[in-house]
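The values are calculated or read from the model by the stated rules, or taken from the named source; none is laboratory data. Predicted model, so just to flag it, every value in this text is computed and none were measured. Heads up, the Cβs are rebuilt from the backbone with ideal geometry, glycines too, and the neighbour counts pull from every protein chain shown. What goes into the accessible areas is simple: the full protein's heavy atoms, side chains included, and nothing from ligands, DNA or RNA. Shrake-Rupley method; radii C 1.70, N 1.55, O 1.52, S 1.80 Å.
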Amino acid sequence: RRVHGDLRKQLPQKDKKEKVVELSYFDQRKKTVDELGQLTNAYPHKFDAQFTIPGFRSKFYPEDASQRKLVNNGDRLTDNVSIAGRIVVKRSAGSKLHFITLQGDMENMQVISNLADFAAGEKGFTAIHNQIKRGDIIGIQGVPGLSNTGEFSIIATSIVLLSACFHMLPDNHYGFSNVEQRFRQRYLDFIVNRDNIKTFQGRSKIIRYIRNFFDGLDFTEVETPMLNLVAGGAAARPFITHHNDLNQRMFLRIAPELYLKQLVVGGMDRVYELGRQFRNEGIDLTHNPEFTSIEAYWAYKDYNDIMTMTEDLLHGLAMYLHGSDKVRWCPKDVSGKEIGEPVIFNFQRPFKRLYIIPELEKRLNVTFPEEFESDAANKWLLDLCAKNKVECNPPTTTPRLVDALIAEYLEVECTQPTFICDHPRVMSPLAKWHRTDPRLTERFEMFLNKKELCNAYTELNNPLVQRNEFEKQIKNKDAGDDEAMEQDETFLTALEYGLPPTGGWGLGIDRLVMFMTSMNNIKEVLLFPAMKPEGQPDVVKYAPGTVLNGQGVPRMHVQ
């Protein structure tokens, strides 16, 4: 055995090659960028794209066939033009012919790259096609033409890499359908799922229409602070922050209402603000911690006028978007299949009206108390809810009990546009008392698809009554209701200078977009919705001694 081993050692030995480590896709792309030069050729500062893809098609291949100069397969023009976009498909028919599908401005365009047409010759042709990959952004110079199969294309004479994509795009067959990842990587969602951009183009049209509507009524658009010393204007739990220079606790605004009414006091009789609000509350299919709303205030009007205005706005919007006052709503799942039966929203005027106390009395076969302020009224409502198995999360204040009854018996009937009217005063500290029933207010909430869309009222303009209403809110807050309003002395002082009779109104833009674009999840109409950080556990732990309110969240710390 030893002899044989020695003989084997004397045989010619093959060189042992080192195992080659294959670069990852990311490292391959990094290598390409490094070779081009990270601060030089890999990322040009500018590319002069003479046409967008839709503009290029419209110019050289118009819809009207009689206007086209390209007629037969293989035809080409002599105009040397440039376009740019992202590669979504790249395929080769040998080493001398490549086909690229370029994406841009919601349209695709075929690029035919043939060595015979390429200005830089074979070396340049081979180099650029070794560099560019699916997902890259490129610039093309070339001439318009028809492929041999008659597809309108740009025949490339030059290609330049403008920005490399370091990651493989999702497969064309399986796509990018993971709902949570779509929301986390909205840019990738848009690259792969182009139709999702249409939702946000629709959102832009809705906002533009609303602005034009109020501008047409001679309203002035204004901007008011987002950092507030008092969390006022709505019943909601605020986000709290701290101003270092002032050493002052501040709140992200939950509503602009109190500022806007101060402007009406000052003589701006018609004002509106469209912007972001922030509420430190739950996240679900129709709620996001930051959201967009519009509020408008119209001097010398009341809630009846504002109802008519709301009907005119939504009817006109439906006609503008869909060409009809009937709007079909039927969301789709990730595969594009419709979920359930479609709902047809009918925005024909006038909308249905439900008056709270008469409607609840009819459904429950009871007579409500003559007042809602006392402990006896609270106990009566508690017993009524218990008897009818209506749940109300603590604290069981009178406003929350009445709200639970409205949700149980009235909101469920509001698939079509419906005004729920005349809330008890105890629920509406900023609304004016009803002129025929002082227990109630001149207020309405408009519901669509069983969700609140608008809230409006004849504004309370008596500073003495308003102060009293704020004091009642403080009692509710002391009882554990973190959503109760705080007293705003600046606003009260403004009221003392005289607020004219005024109709006030607010509408949630995000929900309106949902219903007008056939979406059932608010995240689908927000570009970057609030998301739980990846890897965070579902069970949230609080520090020892933390006091939770009735909704299972920590009580607000009051300085």
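Can you give the FRET efficiency for Asp305 and Arg91, using 1/(1 + (r/R0)^6), R0 = 45 Å, r = Cβ-Cβ distance, to the nearest 0.05? Could the numbers behind the result be given before it?
Details: r = 62 Å, r/R0 = 1.39.
Rounded to the nearest 0.05, the efficiency is 0.10.
Determine, from the Cβ-Cβ distance of Asn212 and Asp105 and an R0 of 25 Å, the FRET efficiency 1/(1 + (r/R0)^6), rounded to the nearest 0.05. Walk me through the numbers before you get to the answer.
Working: r = 24 Å, r/R0 = 0.97.
That pair, Asn212 with Asp105, gives E of 0.55.
What ranking, highest mean first, results for peptides 473-479, 386-392 when packing means the other Cβ atoms within 10 Å averaged over each residue? Let's see the in-between values first.
Numbers: 473-479: 15.4, 386-392: 12.4.
The densest-packed peptide leads the list: 473-479, 386-392.
Quick one: if you stick a label point 7 Å off each Cα along the C-beta vector at Ser324 and Val412, how many nm between them?
Simple spin-label model gives 3.0 nm for this pair.
Quick one: net charge of Val192's neighbours, Cβ under 13 Å, K/R +1, D/E -1?
Details: positive: Arg86, Arg134, Arg182, Arg186, Arg194; negative: Asp171, Asp189, Asp195.
Net local charge, Val192 excluded: +2.
Working from Cα positions, state the angle (0 to 90°, nearest 10) between the long axis of helix 195-216 and the longest principal axis of the chain.
With rounding to tens, the tilt is 40 degrees.
Do any of Lys337/Lys532; Lys31/Lys96; Lys389/Lys532; Lys326/Lys432 go past 31 Å between their Cα atoms, and which?
Details: Lys337/Lys532 27 Å; Lys31/Lys96 24 Å; Lys389/Lys532 33 Å; Lys326/Lys432 34 Å.
The answer is Lys389/Lys532; Lys326/Lys432.
In segment 415-479, how does Rg compare with the Kirkwood Rh, expressed as the Rg/Rh ratio over alpha carbon atoms? Present the calculation step by step, with values, prior to reporting the outcome.
Details: Rg = 13.1 Å, Rh = 12.6 Å.
Expressed as Rg/Rh, it is 1.04.
If you wrap segment 258-320's Cα atoms in a convex hull and average its projection over all directions, what's the area in nm²?
Numbers: hull surface 23.6 nm².
Projected area, direction-averaged: 5.9 nm².
If one computes P(r) from the Cα atoms of segment 9-168, what percent of pairs lie at distances over 26 Å?
Working: 4312 of 12720 pairs.
For segment 9-168, the share of Cα pairs beyond 26 Å comes to 34 percent.
Under the Kirkwood approximation for Rh and a Cα-based Rg, what ratio Rg/Rh is obtained for the chain?
Values: Rg = 32.1 Å, Rh = 28.6 Å.
Rg/Rh for the chain comes to 1.12.
With charges set only on the Cβ (+1 for Lys and Arg, -1 for Asp and Glu), what does the dipole of segment 201-297 come to about its Cα centre, in debye to the nearest 20?
Numbers: 11 positive and 12 negative charges, 43 e Å.
Rounded to the nearest 20 debye, it is 200 debye.
Taking the dipole about the Cα centre of the chain, with the C-beta of Lys and Arg at +1 and of Asp and Glu at -1, give me whichever of Gln185, Ile210, Pro144 is farthest to the positive side.
So the residue we want is Pro144.
Using only helices, what value at 222 nm comes out for the chain when you add -39,500 (n - 2.57) per DSSP H run of length 4 or more and divide by the total residues, to the nearest 500 deg cm²/dmol? Let's see the in-between values first.
Working: 15 runs with 169 residues, N = 559.
Only helices count here, giving -9000 deg cm²/dmol.
Kindly give Rg over Rh for segment 269-374, based on alpha-carbon atoms, with the Kirkwood expression for the hydrodynamic radius.
On the way: Rg = 19.1 Å, Rh = 18.3 Å.
Ratio of gyration radius to Kirkwood radius for segment 269-374: 1.04.
Does anyone have the angle between helix 25-36 and the longest principal axis of the chain? Alpha-carbon axes, 0 to 90°, nearest 10?
70 degrees
Give the Cα extents of segment 53-129 along the principal axes, in whole Å, largest first.
Cα spread of segment 53-129 along its principal axes, largest to smallest: 40, 26, 20 Å.
Using the crude model of +1 on Lys and Arg Cβ and -1 on Asp and Glu Cβ, and no other charge, please compute the dipole size for segment 266-379 relative to its Cα centre, in debye to 20. Before the final figure, lay out each step's value.
Values: 14 positive and 20 negative charges, 114 e Å.
In debye, rounded to 20, segment 266-379 gives about 540.
Between Met446, Pro395, Ile522, whose Cα lies farthest towards the positive end of the dipole of segment 386-527 when Lys and Arg beta carbons carry +1 and Asp and Glu beta carbons carry -1, centred on the Cα centre?
After comparing all options, I get Met446.
Quick one: what are the phi-derived ³J(HN,Hα) couplings along segment 317-326, Karplus 6.51/-1.76/1.60 with θ = phi - 60°, whole Hz, x for glycine and proline?
5, 4, 5, 5, 7, 10, x, 7, 8, 9
With N set to the residue count of segment 333-440, report its C-alpha Rg divided by 2.2 N^0.38 Å to two decimal places.
On the way: Rg = 16.9 Å, N = 108, 2.2 N^0.38 = 13.0 Å.
Computed over Cα atoms of segment 333-440, the ratio equals 1.29.
Below 13 Å, Cα to Cα, which aspartates and glutamates can Lys450 reach? Residues fewer than 8 away in the same chain don't count.
Answer for Lys450, where 13 Å is the Cα cut-off: Glu408, Glu411, Glu413, listed by chain and number.
Taking just the C-alpha trace of segment 90-157, give me its Rg and Dmax in Å.
Spelled out, the Cα radius of gyration and Dmax of segment 90-157 are 11.4, 33 Å.
Could you give the size of the charge dipole of the chain about its Cα centre, using +1 on the Cβ of each K and R and -1 on the Cβ of each D and E, expressed in debye and rounded to the nearest 20? If you can, show how the numbers build up before the last one.
Details: 70 positive and 74 negative charges, 674 e Å.
Roughly 3240 debye, rounded to the nearest 20.
Give me the distance in nm between label points sitting 7 Å out from Cα along the Cα-to-Cβ direction at Val366 and Leu492, one decimal.
3.3 nm
Helix 121-131: angle to the longest alpha-carbon principal axis of the chain, degrees 0 to 90, nearest 10?
Rounded to the nearest ten degrees, it is 40.
Run the quick spin-label model on Ser58 and Glu180: label points 7 Å from Cα toward the beta carbon, then report their separation in nm to one decimal.
My value for the distance between the label points is 4.2 nm.
State in Å² the accessible area per residue of the chain; use a 1.4 Å probe, count heavy atoms of protein chains only, and round to the nearest integer.
Working: 29800 Å² over 559 residues.
Spelled out: the 1.4 Å probe surface of the chain, per residue, equals 53 Å².
Mind checking which of Gly104, Leu39, Met307 is farthest towards the positive end of the chain's charge dipole, using Cβ charges of +1 (Lys, Arg) and -1 (Asp, Glu) about the Cα centre?
Leu39
How large a share of the accessible area of the chain, in percent, is made up of carbon and sulfur atoms when the probe is 1.4 Å and the other protein chains stay in place? Can you show the working numbers first?
On the way: 14990 of 29800 Å².
With neighbouring chains kept in place, the figure for the chain is 50 percent.
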